[in-house]
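Step one of this worksheet: look at the structure below.
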4 protein chains.
Amino acid sequence: MTAAESADWWATSIVRMAPGEVELRGIPVQELIGSVDFVSAVWLMVRGELPDARRAALLEAALVASVDHGPQAPSIAIARMTATCGVGLNNAMASGVNALGDSHGGAGQQCVEMLTEIVAADGDLAAAVERVVARHRYVPGFGHRFHPVDPRRGPLLALVDRAVADGVVDGRHLRAARAVEAHLDANRRRPVPMNIDGATAVIYAELGFAPELARGLFVLGRSVGILAHAWEEMSQGLRNKGPIPRSILPTYRGKPEATSDQ
Amino acid sequence: MTAAESADWWATSIVRMAPGEVELRGIPVQELIGSVDFVSAVWLMVRGELPDARRAALLEAALVASVDHGPQAPSIAIARMTATCGVGLNNAMASGVNALGDSHGGAGQQCVEMLTEIVAADGDLAAAVERVVARHRYVPGFGHRFHPVDPRRGPLLALVDRAVADGVVDGRHLRAARAVEAHLDANRRRPVPMNIDGATAVIYAELGFAPELARGLFVLGRSVGILAHAWEEMSQGLRNKGPIPRSILPTYRGKPEATSDQ
Amino acid sequence: MTAAESADWWATSIVRMAPGEVELRGIPVQELIGSVDFVSAVWLMVRGELPDARRAALLEAALVASVDHGPQAPSIAIARMTATCGVGLNNAMASGVNALGDSHGGAGQQCVEMLTEIVAADGDLAAAVERVVARHRYVPGFGHRFHPVDPRRGPLLALVDRAVADGVVDGRHLRAARAVEAHLDANRRRPVPMNIDGATAVIYAELGFAPELARGLFVLGRSVGILAHAWEEMSQGLRNKGPIPRSILPTYRGKPEATSDQ
Amino acid sequence: MTAAESADWWATSIVRMAPGEVELRGIPVQELIGSVDFVSAVWLMVRGELPDARRAALLEAALVASVDHGPQAPSIAIARMTATCGVGLNNAMASGVNALGDSHGGAGQQCVEMLTEIVAADGDLAAAVERVVARHRYVPGFGHRFHPVDPRRGPLLALVDRAVADGVVDGRHLRAARAVEAHLDANRRRPVPMNIDGATAVIYAELGFAPELARGLFVLGRSVGILAHAWEEMSQGLRNKGPIPRSILPTYRGKPEATSDQ
């Protein structure tokens, strides 16, 4: 039993270190600084190689579209409240990120999985869509409880359309997503158009990202809004901000009628 | 007492929402998507307005330089271990970010504060440096326990030099940082050159970011490495990864000689 | 639209507040302080009423048994590393708790679900056990990668046996768990006896706690070890503790042979 | 360089492990289960030895008094909101705990430090109190923005009084705290009586806990409320609960008048 065991336990393909040297995915860090844009560095780190400019631009649009959706999102409110509790800005950001779970930050991942399944069906698109959609009460990536049409949908899909036209991506996941949208239009009482999660899922899927990374990349994008809001709140100097003003006291509901044995 | 109270409790200058509309810092989100690069969106969100290209490029270089420093950094190791515990990728990222505290992610913030103080002294530079350095055992942003010279220092300072030459930034914080470096060279047993935190602090300070944002922006940059490592670990399927291989059992130190009254 | 909406949004059956008054589950807090033991307060808060002493004693044993399993558990190592990064003790504890996910802190919850299903089958016990066990590669709550027999199993089951003999609990979940153990003994190459998660799951299930609370109560118990370890580490003054000593550098694995399309 | 290095890197005085064996602070875990109450186990883990019953009872009262103060506390609201985001109960608890920072969970620690300093002055009590109080705008552990008199103050101090009378603790920190209270009564426009943080700080200080542990123990106590609230919220099935009802939209404040250079 030697120290090699510990060295291997932390083995990685991402970074190589030596005194005076840092290589990221095989590229010396000094060759990246000032030469590579941040979004390409993101791609390099999670995928292992640098992207071409057109593919990087699609990722960039998805990240920009994701930065914020206001303090009514639990992640943003949580970051703001935490920032008033006497912790570091990083701790406030961490708690915001921690809330981006299956229901709040996971729709993109679920949508990539759904689109991948539809594309893999590789036969009758309509049949595949019908089968897949039938499994969901809420179809991930479609519909919005606040926006009749999500304002981020249009510009994102326009970018993918252009990329398909130019052969940058092949468009199969975009077609699948549009087929889902059409199916929902035809079968639900009111339209449930693609939302930010659906439109970015199309991009992530077209670019070949694993479904889990749809969540990871959304977290990166939303971290910008989390930072901005935590900092705005911290700058205002309020201490121990609760969810509602102090003059409003939460309702006491009383004991549940029968305390079940749970 | 009306609902307006609750609306005001969550008031913000960052985002305006209405059904079908999202404005970030006064700009409709659809005008940003595909038009604005991610780093400029970061700037917009935390500063309130879009940057010019040259200033954005400096911020971009600082973010790229910060993405990773390997799994021996606690933040990265924590994210990797958490990723094996049956939680979401966002939870693993959150715990990594949570570790970027005063000692691990705060040196940039402290260095911006130090440089700001030196610049503000606005008289004898050498005297200001001597006074400020004397207060620190570890001068934040200088020296590295692993690298004799941090490989990220050179390319970052070269970019700032060029920006100063072109009048993009005024260079006062760069000069202060170089003066600190020279002072340390002359007064310590061995050189303690500027490290990543120092070189990026120069950039953040030259660009006019508040000290706390040096930490916040570092968190954004390092979140990329945290994501890449958490994902690499998660992809390998190990369950409940501890810090050292299972064959190595932590030493039991026995009872402390005297249990003090703490 | 009135402020009542906000008051209702945060409605709760747990606590009633008024200036000078705090009631927990309908009991003024001053009647609890000095009168009720901590474990009964835990029960009151999550169940809504105070337990009798014998049932509280079973919960107490489960909590005591859960406090620590050493720094090779990721949660403990994470808390220790975070404690060296310049954050508060609460932040270090938070990151430890955050790692107690499905694989690290969730086995108890899964085991309660499994035992509940077996008990509900309410017919041929052996058939129910066989059917349920067949669904799992790792049967939650059974077997330990480190202990041939978990030293916490025996004393916990002895307490449940006594409680069954005295009519404190009815023993159906205990019998189900023993039937699983016997089934595994007969069908696996080597014994996979009940572990801490299984033995405490028996207690939680016998006491009528919802499965999710098995995880929640385990988190409470393990928080004690997380606190003790974070504090021991913080007291030693190390800065930025990585997972392995600085002299051991993580292996660089090189580029994966084929970069997949992920 | 051997594996011993890794073993030593994780050395601890808290736990000794071997296959089939777990010792906590030198006591086999099976001797603790069913024999030692949970609060004594807490004491053992953080202090290294078991307490006598009278001292344990004081700690128990402090923990019981700390369990909850309602959903207007950011920690509780955060845990509830996180619980609706599709993460585990442990993740919701972690984010609640993460908010118990210097301003929200740190007053007890600061109060122990203050009382310790006053006691150490060891001469004219009034002079020491005056000197120490003068340094604080908000005296930690005194006054409450909601309760004119904190209902937890009375019963906690009554227990300490009895313990002093019986020689269980010596009462020096209690006297210091009462002297602070008297000083504030005499010098502020309205009374700022001891609050929960002050009264528990008296207990922790009388029992000889390090100041940081006042925060750590408060976190343990409040984790009970965090669990109960996260679970109540999770049981109700709401998805992505924001801080205010969806019908109330956060106010948009518009651009700050002058965007400073920060």
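The values are calculated or read from the model by the stated rules, or taken from the named source; none is laboratory data. Quantities reported herein were computed from a predicted structural model and do not represent experimental measurements. Don't worry about glycine lacking a Cβ; one is built from the backbone with ideal geometry, like all the others, and counts go over all protein chains shown. When the accessible area is computed, the model is the full protein with side chains, heavy atoms only, and any ligands, DNA or RNA have been set aside. Shrake-Rupley method; radii C 1.70, N 1.55, O 1.52, S 1.80 Å.
Determine, yes or no, whether B:Leu213 is touching a Lys or Arg at 6+ places or on another chain (Cβ under 9 Å), at the interface with another protein chain (Cβ under 9 Å from one of its Cβ atoms), crowded, with 21+ Cβ neighbours inside 10 Å and closer than 30 Å to A:Gly216 by Cβ. Reasoning before the result, please.
Numbers: touching a Lys or Arg at 6+ places or on another chain (Cβ under 9 Å): yes; at the interface with another protein chain (Cβ under 9 Å from one of its Cβ atoms): yes; crowded, with 21+ Cβ neighbours inside 10 Å: yes; closer than 30 Å to A:Gly216 by Cβ: yes.
Answer is yes for this residue.
Looking at (1) at pLDDT below 95; (2) within 26 Å of C:Asn90 (Cβ to Cβ); (3) not hydroxyl-bearing (Ser, Thr, Tyr), can you tell me which one C:Leu227 breaks?
(1)
Does A:His104 fit the bill of being open to solvent by 20 Å² or more (accessible area, probe 1.4 Å) and either touching a Gly at 6+ places or on another chain (Cβ under 9 Å) or not in a helix (DSSP H, G or I) (or both)? Break it down into steps so the answer makes sense when it comes.
Numbers: open to solvent by 20 Å² or more (accessible area, probe 1.4 Å): yes; either touching a Gly at 6+ places or on another chain (Cβ under 9 Å) or not in a helix (DSSP H, G or I) (or both): yes.
Yes: the conditions hold for A:His104.
For B:Ile196, work out the one condition from (1) within 16 Å of A:Phe38 (Cβ to Cβ); (2) among the β-branched types (Val, Ile, Thr); (3) surrounded by fewer than 24 Cβ atoms within 10 Å (Cβ to Cβ) it doesn't fulfil.
(3)
Return the residue satisfying two criteria in turn: it lies in segment B:199-210 and is within 18 Å of B:Ala120 (Cβ to Cβ) and surrounded by 20 or more Cβ atoms within 10 Å (Cβ to Cβ), and of such residues it is nearest to the other protein chains (Cβ to nearest Cβ).
We begin by selecting, within segment B:199-210, every residue within 18 Å of B:Ala120 (Cβ to Cβ); these are B:201-202, B:204-210.
From what's left, surrounded by 20 or more Cβ atoms within 10 Å (Cβ to Cβ): B:201-202, B:204-207, B:209-210.
Numbers: B:Ala201: 15, B:Val202: 13, B:Tyr204: 10, B:Ala205: 11, B:Glu206: 11, B:Leu207: 9, B:Phe209: 6, B:Ala210: 5 Å.
Among those residues, the one meeting the criterion is B:Ala210.
Yes or no: D:Gly221 open to solvent by less than 10 Å² (accessible area, probe 1.4 Å), among the small types (Gly, Ala, Ser) and either touching a residue at least 12 places away in the same chain (Cβ under 8 Å) or not assigned by TED's automatic domain parsing to the domain that holds D:Cys111 (or both)?
Working: open to solvent by less than 10 Å² (accessible area, probe 1.4 Å): yes; among the small types (Gly, Ala, Ser): yes; either touching a residue at least 12 places away in the same chain (Cβ under 8 Å) or not assigned by TED's automatic domain parsing to the domain that holds D:Cys111 (or both): yes.
Here the answer is yes, as D:Gly221 does meet what is asked.
Can you tell me which of C:Tyr138, C:Tyr204 is among the hydroxyl-bearing types (Ser, Thr, Tyr), modelled with pLDDT under 95 and farther than 30 Å from B:Asn98 by Cα? Break it down stepwise before answering.
Working: C:Tyr204 fails: modelled with pLDDT under 95.
Every option except C:Tyr138 fails the conditions.
Any chance segment B:7-25 includes a residue that's away from chain C (no Cβ under 14 Å), closer than 30 Å to B:Val129 by Cβ and open to solvent by 30 Å² or more (accessible area, probe 1.4 Å)? Can you show your working first?
Looking only at segment B:7-25, we keep the residues that are away from chain C (no Cβ under 14 Å), and these are B:11-25.
Next, only the ones that are closer than 30 Å to B:Val129 by Cβ stay: none.
There is no residue in segment B:7-25 that is away from chain C (no Cβ under 14 Å), closer than 30 Å to B:Val129 by Cβ and open to solvent by 30 Å² or more (accessible area, probe 1.4 Å).
When D:Thr251 is evaluated against the numbered criteria (1) out of contact with any Phe, Trp or Tyr (no Cβ under 8 Å at 6 or more places or on another chain); (2) at the interface with another protein chain (Cβ under 10 Å from one of its Cβ atoms), which criterion, by number, is the only one it fails?
Result: D:Thr251 fails condition (1) only.
Which residues, taken from segment C:85-100, are at the interface with chain B (Cβ under 7 Å from one of its Cβ atoms) and of a type in the set (Val, Ile, Thr)?
C:Val87
Quick check on my filter: what residues within segment B:30-72 are hydrophobic (A, V, I, L, M, F, W, C) and outside any helix (DSSP H, G or I)? It would help to see each step written out before you state the result.
Kept after step one, since they are hydrophobic (A, V, I, L, M, F, W, C), are these residues of segment B:30-72: B:32-33, B:36, B:38-39, B:41-46, B:50, B:53, B:56-59, B:61-65, B:67.
Result: B:Ile33, B:Val36, B:Leu50, B:Val67.
Name the one entry in C:Ala77, C:Ala128 that is at pLDDT below 95, assigned to a helix (DSSP H, G or I) and assigned by TED's automatic domain parsing to the domain that holds C:Arg152. Let's see the steps before the verdict.
Numbers: C:Ala77 fails: at pLDDT below 95.
So the residue among C:Ala77, C:Ala128 that is at pLDDT below 95, assigned to a helix (DSSP H, G or I) and assigned by TED's automatic domain parsing to the domain that holds C:Arg152 is C:Ala128.
Please go through segment A:26-72 and pick out each residue that is within 30 Å of D:Ile248 (Cβ to Cβ), open to solvent by 10 Å² or more (accessible area, probe 1.4 Å) and within 14 Å of the chain's Cα centre (by Cα).
The one that is within 30 Å of D:Ile248 (Cβ to Cβ), open to solvent by 10 Å² or more (accessible area, probe 1.4 Å) and within 14 Å of the chain's Cα centre (by Cα): A:His69.
Kindly provide the set of residues from segment D:29-51 that are away from chain B (no Cβ under 13 Å) and not aliphatic (A, V, I, L, M), ordered by number.
Within segment D:29-51, D:Gln30, D:Glu31, D:Gly34, D:Ser35, D:Asp37, D:Phe38, D:Ser40 qualify.
Can you tell me which of D:Val133, D:Val149, D:Val169, D:Val164 is assigned to a loop (DSSP other than H, G, I, E, B), away from chain C (no Cβ under 14 Å) and over 18 Å from the mean Cα position of the chain (by Cα)?
Working: D:Val133 fails: assigned to a loop (DSSP other than H, G, I, E, B); D:Val149 fails: away from chain C (no Cβ under 14 Å); D:Val164 fails: assigned to a loop (DSSP other than H, G, I, E, B).
The unique qualifying residue is D:Val169.
Please find, among B:Leu174, B:Leu157, B:Leu184, the residue that is open to solvent by less than 30 Å² (accessible area, probe 1.4 Å), under 20 Å from the mean Cα position of the chain (by Cα) and within 26 Å of C:Asn240 (Cβ to Cβ). Give the derivation first.
Numbers: B:Leu174 fails: within 26 Å of C:Asn240 (Cβ to Cβ); B:Leu184 fails: under 20 Å from the mean Cα position of the chain (by Cα).
It is B:Leu157.
Quick one: C:Leu238 ticks every box in (1) more than 30 Å from B:Tyr138 (Cβ to Cβ); (2) surrounded by fewer than 17 Cβ atoms within 10 Å (Cβ to Cβ); (3) touching a residue at least 24 places away in the same chain (Cβ under 8 Å) except a single one, so which number is it?
Status for C:Leu238: all satisfied but (1).
Residue check: is B:Pro74 over 18 Å from A:Ala41 (Cβ atoms) and either touching a residue at least 40 places away in the same chain (Cβ under 8 Å) or within 14 Å of chain C (Cβ to nearest Cβ) (or both)? Step through it out loud before you land on a result.
On the way: over 18 Å from A:Ala41 (Cβ atoms): yes; either touching a residue at least 40 places away in the same chain (Cβ under 8 Å) or within 14 Å of chain C (Cβ to nearest Cβ) (or both): yes.
The answer is yes for B:Pro74.
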